[in-house]
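Chemist: First, the structure itself, so that you have it in front of you.
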Amino acid sequence: MKILGFLDATLTFTAAWSMPTIGDRVVYSIKQTSGQNSIKLLFEKKIVSANGGKYQVQETTKLPNGQQQVETVDVASDDLYSDENIEMILTNCKSLQGEVVMQSYPAGVFNTCKVSQATEQNVTTINFAKVPFGL
């Protein structure tokens with residue numbers, strides 16, 4: 001039996017108008033739906049240390065029952081989105097099968113490229129926007 005899931009990610013963030021620094025974070029509010037059932041969870045990424053061109057990012061998934069899953073991963077600065085990457089995505093949004101939309105978040109209203117990717121079991125929608133942080 002195929003289950004169609006829907007993953008909708010929105011985000012809030014702390015402002016960082018330059019290169020990512022220790023303490024910068026992004027929080028994704030995620031709603032995952034499968035049939036008539038849905039679950040909401042939070043996924044947070046926070047820079048906990050930096051050394052040269054590498055960052056340690058703490059990833060925390062907060063489940064509705066109060067449980068948390070925490071993992072720390074190493075991320076190269078080249079693997080973080082840059083203003084240039086996002087500008088390219090916004091400029092080429094339609095050719096990437098995306099849709100340009102204005103999206104409202106707690107941090108403000110942003111011009112985004114809304115891209116959906118589907119598999120047999122899930123549809124994932126991501127809004128790419130030029131925002132003042134590097135996660």
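Chemist: (1) under 22 Å from PHE110 (Cα atoms); (2) of a type outside the set (Val, Ile, Thr); (3) in a strand (DSSP E or B); (4) out of contact with any Ser or Thr (no Cβ under 9 Å at 6 or more places or on another chain): which one isn't true of TYR81, the others all being true?
Modeler: Evaluating TYR81 over (1) under 22 Å from PHE110 (Cα atoms); (2) of a type outside the set (Val, Ile, Thr); (3) in a strand (DSSP E or B); (4) out of contact with any Ser or Thr (no Cβ under 9 Å at 6 or more places or on another chain) leaves (3) as the failure.
Chemist: Still on this structure: Being over 15 Å from ASP24 (Cβ atoms) and under 14 Å from the mean Cα position of the chain (by Cα) is true for just one of THR91, THR61. Which residue is that? Reasoning before the result, please.
Modeler: Working: THR91 fails: under 14 Å from the mean Cα position of the chain (by Cα).
Selected residue: THR61, the only one of THR91, THR61 that is over 15 Å from ASP24 (Cβ atoms) and under 14 Å from the mean Cα position of the chain (by Cα).
Chemist: Hey, can you tell me all the residues within segment 31-41 that are in contact with a strand residue (DSSP E or B) (Cβ under 9 Å, 6 or more places away or on another chain) and either in a loop (DSSP other than H, G, I, E, B) or at pLDDT 80 or above (or both)?
Modeler: To start, the set of residues in segment 31-41 that are in contact with a strand residue (DSSP E or B) (Cβ under 9 Å, 6 or more places away or on another chain) comprises 31-35, 38-41.
Hits for segment 31-41 are GLY35, SER38, ILE39, LYS40, LEU41.
Chemist: Now for a separate question. Among the candidates ILE47, ILE39, ILE30, single out the residue that is touching a residue at least 24 places away in the same chain (Cβ under 8 Å), surrounded by 15 or more Cβ atoms within 10 Å (Cβ to Cβ) and of a type in the set (A, V, I, L, M). Walk me through how you get there before you give the answer.
Modeler: Numbers: ILE39 fails: surrounded by 15 or more Cβ atoms within 10 Å (Cβ to Cβ); ILE30 fails: touching a residue at least 24 places away in the same chain (Cβ under 8 Å).
Just one listed residue meets the conditions, ILE47.
Chemist: Report, by residue number, each residue of segment 94-112 that is exposed (fewer than 12 other Cβ atoms within 10 Å of the Cβ), within 16 Å of the chain's Cα centre (by Cα) and of a type in the set (Ser, Thr, Tyr).
Modeler: Selection gives SER104 alone.
Chemist: Checking the structure you have, find out if any residue of segment 16-23 is under 13 Å from LYS130 (Cα atoms) and among the aliphatic types (A, V, I, L, M).
Modeler: Looking for residues that are under 13 Å from LYS130 (Cα atoms) and among the aliphatic types (A, V, I, L, M), one finds at least one in segment 16-23, hence yes.
Chemist: Something else about it: Do we find that THR72 is within 13 Å of the chain's Cα centre (by Cα), part of a strand (DSSP E or B), under 27 Å from ILE22 (Cα atoms) and among the polar types (S, T, N, Q) in this structure? Break it down stepwise before answering.
Modeler: Numbers: within 13 Å of the chain's Cα centre (by Cα): no; part of a strand (DSSP E or B): yes; under 27 Å from ILE22 (Cα atoms): yes; among the polar types (S, T, N, Q): yes.
No: the conditions fail for THR72.
The values are calculated or read from the model by the stated rules, or taken from the named source; none is laboratory data. Keep in mind that this is a model prediction, so the values were computed, not measured. Don't worry about glycine lacking a Cβ; one is built from the backbone with ideal geometry, like all the others, and counts go over all protein chains shown.
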